[in-house]
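> I have a structure I would like to understand better, so I am pasting it below and will then ask my questions one at a time.
The values are calculated or read from the model by the stated rules, or taken from the named source; none is laboratory data. As the structure is a prediction and not an experimental result, all values here were calculated from the model. Ideal geometry is used to build each Cβ from the backbone, glycine not excepted, and the neighbour counts take in all protein chains shown. Accessible surface areas use protein heavy atoms only, side chains included; no ligands, DNA or RNA. Shrake-Rupley method; radii C 1.70, N 1.55, O 1.52, S 1.80 Å.
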Amino acid sequence: MNTTIIGVAGGTASGKSTLVKKLQEAFKGESVITICHDYYYKAHDELSYEERSRLNYDHPSAFDTEMMIEDIKKLKEGIAIDCPVYSFVNHNRTNKTLHIHPAQVIIIDGILILENQELRNLMDVKVYVDTDADVRLGRRLMRDVQERGRSIESVLSQYFCTVKPMHDEFVEPSKRYADLIVPEGGFNSVALRILIQNINSMIEKENA
């Protein structure tokens, strides 16, 4: 089975998830799976909750990217994987895994997926979602308070202490590796249409 791998990167709360959802809908005629870099946050069972909450989760070293790379290679070879499951509430991996079967289209989602060259080289299409910092902060604040049980103070502290500095150092510079930069992500219908057309052409060529 030929596999097309689409990487969707961008800053926190930039609209990556909306873009990914639109892509999933566009390729529902194909077999599609999505793998998030967030699944591969490293486990820290040796630390207390308070210690884990103070870690820098926006640095490349926070992720087990090597494991993700190996898993994606297995999927390309037609081998199913058991993907780790991460809890944002507890800041740690759970003892559960998610069994994922190979698919024709694999979407990789994450803030730092274009930062790593080996991971980047596995992608057929590299997309960067570019959204204004103020908009991203507002979205992150709402998401983390409503969905992850965080306080407003903790969200703002984390944003200004680690999220923004790491974005400036690692995420924003990775934009230069993108094949397509999409302002506002899934809300940009013109860019989305062009992206879907290009991916469809690629799939048709591979299946010819």
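> Kirkwood Rh and Cα-based Rg: tell me the resulting Rg over Rh for the chain, rounded to two decimals.
So for the chain, dividing Rg by the Kirkwood Rh gives 0.96.
> What dipole magnitude, in Debye to the nearest 20, does the chain give about its Cα centre under +1 on Lys/Arg Cβ and -1 on Asp/Glu Cβ?
440
> Same structure again: Grab the beta carbon distance between Ser189 and Ser48, set R0 = 35 Å, and tell me the FRET efficiency rounded to 0.05.
Once rounded, the FRET efficiency stands at 0.15.
> A further question on this structure: Which residues does the label zone of Arg139 cover in the range 172-196, counting backbone N under 12 Å from a point 7 Å along Cα→Cβ?
182-188
> Ignoring ligands, DNA and RNA, what percent of the accessible area of the chain is carbon or sulfur (1.4 Å)?
Using a 1.4 Å probe with all protein chains present, the chain comes out at 50 percent carbon and sulfur.
> Just subtract the alpha-carbon distance of Asn121 and Leu180 from 0.36 nm times their residue separation and send over the number in nm, one decimal.
Taking Asn121 through Leu180 to full extension adds about 19.7 nm, to one decimal.
> Run the simple label-point estimate for Gln197 and Lys74 please: 7 Å along Cα→C-beta, distance reported in nm.
Simple spin-label model gives 3.9 nm for this pair.
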